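The values are calculated or read from the model by the stated rules, or taken from the named source; none is laboratory data. The model shown is predicted, which means the values in this text are computed figures rather than measured ones. Neighbour counts run over all protein chains shown; Cβ positions are idealised from the backbone, glycine included.
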């Protein structure tokens, strides 16, 4: 295992019995979703939130500027021509964080992978392929890129893990239709998807955080 990604960590209580590894979106960092933790209403559970910082890389769609990104975005059609090499590299780095939680004593059935925007792409990539069953996956304002290898590579252990998926009705960055296509594909693969939409753009909504907190409590109480 190489060097682990640097992370922000928050524990809601002790002892820690479960973990949520939460990936930020393009150009943000691990601090982006840190303020949301108290609003999830999980203060009575021992949950470790792990917010890794993505590596810095040039991003084509942003004129080659170097920023934190899980992979390059080459054009406006985010779902096509995916940067497969970087997606797989980032997925391997996130999978190493899953392994670290297991080394810390958290069973895989008490680990949730979550992500916003391109962070959601990586969270789903790892969750659907992880060799041991996870508690679930959270996909916020995200999509599934063209990935013909998914059916071949998906893990039997995670073939039916639940997914919480939320999207903004007015998202100008990742249009709602891409979220709906991801939902349909996940359901076709056998995943029970909790699908929610909110009156927002490419962001998070207070009702979304409340709904997610309820879903996380159910999943982590069951697996923790």
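Under the condition of being touching a strand residue (DSSP E or B) at 6+ places or on another chain (Cβ under 8 Å) and not in a strand (DSSP E or B), which residue from region 45-67 is surrounded by the most Cβ atoms within 10 Å (Cβ to Cβ)? First the steps, then the outcome.
At the first step, the residues of region 45-67 found to be touching a strand residue (DSSP E or B) at 6+ places or on another chain (Cβ under 8 Å) are 45-59, 64-67.
Within this subset, residues satisfying the condition of being not in a strand (DSSP E or B) are 45-46, 53-55, 64.
Numbers: 45: 17, 46: 18, 53: 17, 54: 26, 55: 15, 64: 10.
My answer is 54.
Looking only at region 83-127, how many residues end up being modelled with pLDDT under 95 and either in a loop (DSSP other than H, G, I, E, B) or within 18 Å of residue 185 (Cα to Cα) (or both)?
Residues that pass the stated criteria total 1.
How many residues are touching a helix residue (DSSP H, G or I) at 6+ places or on another chain (Cβ under 7 Å) and either crowded, with 24+ Cβ neighbours inside 10 Å or closer than 17 Å to residue 96 by Cβ (or both) when one looks only at region 108-120?
As a first pass, look at region 108-120 and keep what is touching a helix residue (DSSP H, G or I) at 6+ places or on another chain (Cβ under 7 Å): 108-115.
Retained after the next criterion (residues that are either crowded, with 24+ Cβ neighbours inside 10 Å or closer than 17 Å to residue 96 by Cβ (or both)): 108, 110-115.
So the answer is 7.
In the list 193, 173, which residue meets the criterion of being closer than 13 Å to residue 137 by Cβ and surrounded by 14 or more Cβ atoms within 10 Å (Cβ to Cβ)?
Details: 173 fails: closer than 13 Å to residue 137 by Cβ.
Only one candidate passes the filter, namely 193.
Report whether or not residue 212 is under 20 Å from residue 128 (Cα atoms), at pLDDT 95 or above, touching a helix residue (DSSP H, G or I) at 6+ places or on another chain (Cβ under 7 Å) and not in a strand (DSSP E or B). Working first, answer last.
Values: under 20 Å from residue 128 (Cα atoms): yes; at pLDDT 95 or above: yes; touching a helix residue (DSSP H, G or I) at 6+ places or on another chain (Cβ under 7 Å): yes; not in a strand (DSSP E or B): yes.
So residue 212 fits the description; yes.
Please state which of the following conditions residue 137 fails to meet, knowing it meets all the rest: (1) at pLDDT 95 or above; (2) closer than 24 Å to residue 99 by Cβ; (3) surrounded by fewer than 22 Cβ atoms within 10 Å (Cβ to Cβ).
The failed condition is (3).
Does region 179-193 contain any residue that is assigned to a strand (DSSP E or B) and within 15 Å of the chain's Cα centre (by Cα)? Give the derivation first.
Of all residues in region 179-193, those assigned to a strand (DSSP E or B) come to 193.
From what is left, the residues that are within 15 Å of the chain's Cα centre (by Cα) are 193.
Checked against the condition, which is being assigned to a strand (DSSP E or B) and within 15 Å of the chain's Cα centre (by Cα), region 179-193 yields at least one hit.
Please go through region 1-27 and give me each residue that is assigned to a loop (DSSP other than H, G, I, E, B), over 14 Å from residue 93 (Cβ atoms) and more than 14 Å from the chain's Cα centre (by Cα), ordered by number. Walk me through it before giving the result.
First, pick out the residues of region 1-27 that are assigned to a loop (DSSP other than H, G, I, E, B): 1-6, 12-17, 24-27.
Those left that are additionally over 14 Å from residue 93 (Cβ atoms): 12-17, 25-27.
Within region 1-27, 12, 13, 14, 15, 16, 17, 27 qualify.
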